[in-house]
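Written out below as structure tokens is the structure these notes cover.
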Amino acid sequence: MRPPEFWNADPAHPGVLARVLGPAAALTAHATARRVARAPKMQPDIPVICVGNLNIGGTGKTPAVIALGARLSAAGHGVHVVTRGHGGSEAGPLQVDPLRHSAALVGDEALLHAAFAPTWVARDRAAGVQAAQDAGAGVVLMDDGHQNPDVAKSLSLIVVDAARGFGNGRVFPAGPLREPVAVGLARADLLLSMGDAGAQSKFSNLWASAISVPLLTGQLNPLATGMDWTDLRVFAFAGIGDPPRFFATLDALGASRVESIALDDHQPLSGALFTRLEGQAKALGAQLVCTEKDAVRLSVAERARVLTVPVRLAVDDWAQLDAALARLGL
């Protein structure tokens, strides 16, 4: 289900629906505040870095975890990733094996992480961190969990999509937030805003006065694979938090996008759905294209018939995050 349009309204003019839903939003904010006030169930013996968000839905946490994990691994630290999984995925804690486990069992994001670092799926995050620690992890990266108090965190990094920002600034269901911006940032150490220069300028204009922590900026860039996308007729589909961002990436690469299908975030890609998409692409004389996150939800045979566009996070200046890591001995 796509987010309602009024969630993207100007924070100064959130609209009638946002005001009508204000009482329900207050209940959401109260419930979240009560939850995060609980004492942690676990005080880990190793650093735990949480990469979370304030928004409902995708903001770019997964590529942020991958980039941070690569930086820590390059410095010689034994990085493990802990993620909750999605939908009906395994309760865990389970160490992900991309050769044996499917997205239905462990979640698409877990499969992406497992290509870069040992990864654990655990609905009980404390159990997941304990499993990683017992397996010899030197540092745990927690994908999501800023609103989960079960594990004492050493560092909390909030990720926001610069183009969408914090939407209309309201809490669900009046807006796209899990909790108010000021409340969520009060528990954070750093904020990473992801987007191009235009999106960063828009974000700064709207939200600079609300930012109470050091701000990093960065953007997702297509990974150079040698693929020439120029004028290639493509039929694109994407089941991520912001499908238009993927479609814009294809346009920037020079592809000729003849059709685009926006699916729900994490939407299962059944054989029937894939067959329908493939048939439509063939009728248009186009190549099926999707994101890495979509590809891992396909069967091995289906995956061989699509092209993907890998993207990686480029942070403009790591200095503030490096300084925070150094304070943890990393």
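Observations, loosely collected:
- Listed by position, the helices (runs of 4 or more DSSP H) enclosed by the stretch 245-330 that each have at least 1 residues that are loosely packed, with under 15 Cβ neighbours inside 10 Å are 271-283, 300-303, 319-327.
- Pairs linking a residue in the stretch 164-193 that is farther than 19 Å from THR217 by Cβ to a residue that is β-branched (Val, Ile, Thr) and in a loop (DSSP other than H, G, I, E, B), with Cβ atoms under 7 Å and 6 or more positions apart or on different chains, are PHE172/ILE56; PRO176/ILE56; ARG178/ILE56.
- Within the span defined as the stretch 145-153, one or more residues are of a type in the set (A, V, I, L, M, F, W, C) and assigned by TED's automatic domain parsing to the domain that holds ALA319.
- When ARG312, ARG245 are checked against the criterion of being at pLDDT below 90, under 27 Å from ARG164 (Cβ atoms) and not aliphatic (A, V, I, L, M), ARG245 stands alone in meeting it.
- Residue within the stretch 55-72 that is over 15 Å from the mean Cα position of the chain (by Cα), touching a residue at least 24 places away in the same chain (Cβ under 8 Å) and crowded, with 21+ Cβ neighbours inside 10 Å present: no
- Any hit, the stretch 30-46, residues being in contact with a His (Cβ under 8 Å, 6 or more places away or on another chain) and at negative phi: no
- Being crowded, with 21+ Cβ neighbours inside 10 Å and among the charged types (D, E, K, R) holds for only one residue in ASP108, ASP97, ASP45, and it is ASP108.
- Reported count of residues in the stretch 87-131, each being part of a loop (DSSP other than H, G, I, E, B), at pLDDT 90 or above and more than 19 Å from GLU302 (Cβ to Cβ), is 9.
Here's the yes/no breakdown for (1) in a helix (DSSP H, G or I); (2) of a type outside the set (D, E, K, R); (3) in contact with a Gly (Cβ under 7 Å, 6 or more places away or on another chain); (4) more than 27 Å from ARG19 (Cβ to Cβ):
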residue: GLU179; (1), (2), (3), (4): no, no, no, no
residue: VAL183; (1), (2), (3), (4): yes, yes, no, no
residue: GLY218; (1), (2), (3), (4): no, yes, no, yes
residue: ASN221; (1), (2), (3), (4): no, yes, no, yes
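- Scanning the stretch 218-242 for residues that are out of contact with any Leu (no Cβ under 7 Å at 6 or more places or on another chain) and crowded, with 17+ Cβ neighbours inside 10 Å returns GLN219, LEU232, ILE240, GLY241, ASP242.
- Among the residues of the stretch 141-183, those identified as among the charged types (D, E, K, R) and either crowded, with 22+ Cβ neighbours inside 10 Å or farther than 24 Å from ALA324 by Cα (or both) are ASP143, LYS153, ASP161, ARG164, ARG170, ARG178, GLU179.
- ALA115 in contact (Cβ under 8 Å) with a residue 12 or more places away in the chain and out of contact with any His (no Cβ under 9 Å at 6 or more places or on another chain): yes
- The residues on offer are LEU277, LEU284, LEU269, LEU288, and the sole one that is within 20 Å of the chain's Cα centre (by Cα) and either without any contact (Cβ under 8 Å) to a residue 60 or more places away in the chain or more than 26 Å from HIS86 (Cβ to Cβ) (or both) is LEU269.
The rows are residues; the columns are (1) under 20 Å from the mean Cα position of the chain (by Cα); (2) modelled with pLDDT of 95 or more; (3) not polar (S, T, N, Q).
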residue: ILE158; (1), (2), (3): yes, yes, yes
residue: VAL171; (1), (2), (3): yes, yes, yes
residue: GLU179; (1), (2), (3): yes, yes, yes
residue: ALA182; (1), (2), (3): no, yes, yes
residue: ALA186; (1), (2), (3): no, yes, yes
residue: SER193; (1), (2), (3): yes, yes, no
residue: ASP196; (1), (2), (3): yes, no, yes
residue: LEU216; (1), (2), (3): yes, yes, yes
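The values are calculated or read from the model by the stated rules, or taken from the named source; none is laboratory data. Predicted model, so just to flag it, every value in this text is computed and none were measured. Positions of Cβ are backbone-derived with ideal geometry, glycine not excepted, and every protein chain shown enters the neighbour counts.
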